[in-house]
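In what follows, a single structure is set out as structure tokens and then discussed.
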Amino acid sequence: MTNNPAVIKEIEGCAVSLRGNDIDTDRIIPARFLRCVTFEDLGGQVFQDERYHDDGSLKEHPFNDPRFSNASILAVNANFGCGSSREHAPQALMRFGIKAIIGESFAEIFAGNCTSIGVPVFTANEQIIQDLQQQIESKPGSVIRLNLESKTIVIEGKTIPLEMNSSVRTALLAGTWNTLEELLQNESAIEKTYARLTYISGF
């Protein structure tokens, strides 16, 4: 049996901390960028209004901080991704380079949109998240290991328990989170079903 490339068991990388509750999808990716035909360029537009002045000069923002330029893990606070259900928000974060997000809580639709593109979303209580953010900010470049099987994060030799929706965790570990890929892998079965449907196959 060949290995399923969609299986996600562990994510390792540096992290960036983004403080604040109720950071909504309009802040993550402003509405004017939703007219894009594809998601390809959204990474460069993530947090556009919070990262840039009108003249294009940089504002102070964690995503502009060179100390966190290689970050692939994002640590946030409560109700992250609230607001509209736009799938562009997790797409923008992923295309910026974010591969996993840890927070106190997430808007349900945002979390679901993250799962659909293979970005694991973990939760922990307020104190754990604040301690983690402090660690990230005080020691930029610290390598973090997130493990979906054990639901833990390892940073600076310390192992911290996390939480994850059980059905989402199962889908990520089994590699079944990508519904489009699952559909494509069953092309022959689809064709057989198509041939059986007389009201379709005759056209």
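The values are calculated or read from the model by the stated rules, or taken from the named source; none is laboratory data. Predicted model, so just to flag it, every value in this text is computed and none were measured. When we count neighbours, we look across all protein chains shown, and the Cβ atoms used for this are built from the backbone with ideal geometry, even at glycine.
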If you go through segment 99-111 one residue at a time, do you hit one that is surrounded by fewer than 22 Cβ atoms within 10 Å (Cβ to Cβ), at pLDDT 95 or above, of a type outside the set (F, W, Y) and within 22 Å of V7 (Cβ to Cβ)? yes
Going through F33, F68 one at a time, which residue ends up being modelled with pLDDT under 95, out of contact with any Asp or Glu (no Cβ under 7 Å at 6 or more places or on another chain), surrounded by 13 or more Cβ atoms within 10 Å (Cβ to Cβ) and not polar (S, T, N, Q)? F33
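Against the definition (surrounded by 15 or more Cβ atoms within 10 Å (Cβ to Cβ), more than 21 Å from A31 (Cβ to Cβ) and basic (K, R)), how does K139 come out, yes or no?
Spelling it out, it is not the case that K139 is surrounded by 15 or more Cβ atoms within 10 Å (Cβ to Cβ), more than 21 Å from A31 (Cβ to Cβ) and basic (K, R).
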Of the residues in segment 65-86, those that are over 17 Å from S17 (Cα atoms) and free of Cβ contacts under 8 Å to residues at least 40 places away in the same chain come to none
First in segment 130-153 and under 14 Å from A75 (Cβ atoms) and without any contact (Cβ under 8 Å) to a residue 40 or more places away in the chain, second anywhere and part of a loop (DSSP other than H, G, I, E, B) and polar (S, T, N, Q), Cβ under 7 Å, 6 or more apart: Q135/S142
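Can you give me the number of residues within segment 73-92 that are under 19 Å from E137 (Cβ atoms) and crowded, with 17+ Cβ neighbours inside 10 Å?
Of the residues in that region, 6 qualify.
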Those residues that are over 19 Å from the mean Cα position of the chain (by Cα) and either assigned to a loop (DSSP other than H, G, I, E, B) or not hydrophobic (A, V, I, L, M, F, W, C) (or both), I need them from segment 37-60; list them, please. V37, D49, E50, R51, Y52, H53, D54, D55, G56, S57, K59, E60
Which of the residues spanning segment 36-47 are among the β-branched types (V, I, T), farther than 20 Å from N64 by Cα and either touching a helix residue (DSSP H, G or I) at 6+ places or on another chain (Cβ under 6 Å) or at pLDDT 90 or above (or both)? none
Restricting attention to segment 8-29, and to residues there that are in contact with a helix residue (DSSP H, G or I) (Cβ under 8 Å, 6 or more places away or on another chain) and part of a strand (DSSP E or B), which single residue is surrounded by the most Cβ atoms within 10 Å (Cβ to Cβ)? A15
